[in-house]
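Enquirer: Provided herewith is a single structure, encoded as structure tokens, for subsequent inquiry.
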Amino acid sequence: MRLKSTKFGDKAAERVRTLERKLEAKMIKEESDYHDLESVVQQVEQNLELMTKRAVKAENHVMKLKQEISLLQAQVSNFKRENEALRAGQGASLTVVKQNTDVALQNLRVVMNNAHTSIKQLVSGAETLNLVAEILKSIDRISEIKDEEES
């Protein structure tokens with residue numbers, strides 16, 4: 001009778017040791033997964049910060065270009081008035097006014113093209129920020145799924 005009891009006790013002890021090893025391995029895996037996830041979150045946060053800086057820089061550039069456009073539009077307006085005065089027989093020759101207007105229009109086109117490029121970059125940065133936000137949401141979901149699996 002004692003032999004059976006010892007055999008049963010040995011099997012139970014072996015089963016407990018096996019379960020302890022499995023638990024320890026699972027805990028090590030969970031800790032590794034946690035560190036990996038933490039590393040990914042840190043990288044995403046760094047990327048988000050960099051993209052935010054880029055977006056702010058692009059916004060500042062757009063504001064500067066808008067100011068330049070406004071200045072050039074004022075120049076064009078002045079040239080138009082000067083042109084109208086010339087047509088009425090006042091002021092400098094019509095050729096000079098036309099040349100000044102052409103230069104102002106060329107400058108306005110250059111500034112508008114630069115503004116368009118900056119706006120494209122800003123939109124691209126915003127799309128990238130949106131992608132980062134989606135990645136962060138996914139990370140939260142992965143964490144929730146792991147928590148549910150553990151429960």
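Enquirer: Quick check on the stretch 71-81. Is at least one of its residues loosely packed, with under 11 Cβ neighbours inside 10 Å, over 30 Å from GLY125 (Cα atoms) and modelled with pLDDT under 90? Please lay out each step first, then the result.
Expert: Start the filter on the stretch 71-81 by keeping residues that are loosely packed, with under 11 Cβ neighbours inside 10 Å, which leaves none.
Checked against the condition, which is being loosely packed, with under 11 Cβ neighbours inside 10 Å, over 30 Å from GLY125 (Cα atoms) and modelled with pLDDT under 90, the stretch 71-81 yields no hits at all.
Enquirer: Can you confirm whether GLU45 is surrounded by 11 or more Cβ atoms within 10 Å (Cβ to Cβ), at negative phi, acidic (Asp, Glu) and outside any loop (DSSP other than H, G, I, E, B)? It would help to see each step written out before you state the result.
Expert: On the way: surrounded by 11 or more Cβ atoms within 10 Å (Cβ to Cβ): yes; at negative phi: yes; acidic (Asp, Glu): yes; outside any loop (DSSP other than H, G, I, E, B): yes.
Judged against the criteria, GLU45 is a match.
Enquirer: Still on this model: If only one of GLU134, GLU144, GLU127 is part of a helix (DSSP H, G or I), at pLDDT below 85 and not hydrophobic (A, V, I, L, M, F, W, C), which one is it?
Expert: Just one listed residue meets the conditions, GLU144.
Enquirer: Ok, one more. For the stretch 87-101, what are the residues that are at pLDDT below 70 and part of a helix (DSSP H, G or I)?
Expert: Within the stretch 87-101, just LEU94 meets the criteria.
Enquirer: I'd like the full set of residues that are open to solvent by less than 50 Å² (accessible area, probe 1.4 Å) and without any contact (Cβ under 8 Å) to a residue 24 or more places away in the chain, limited to the stretch 118-132.
Expert: none
The values are calculated or read from the model by the stated rules, or taken from the named source; none is laboratory data. What you see is a predicted model; the values in this text were computed from it and never measured. Because the Cβ atoms are built from the backbone with ideal geometry, glycine has one as well, and the counts that use them run over all protein chains shown. These accessible areas exclude ligands, DNA and RNA; they are computed on the full protein's heavy atoms, side chains included. Shrake-Rupley method; radii C 1.70, N 1.55, O 1.52, S 1.80 Å.
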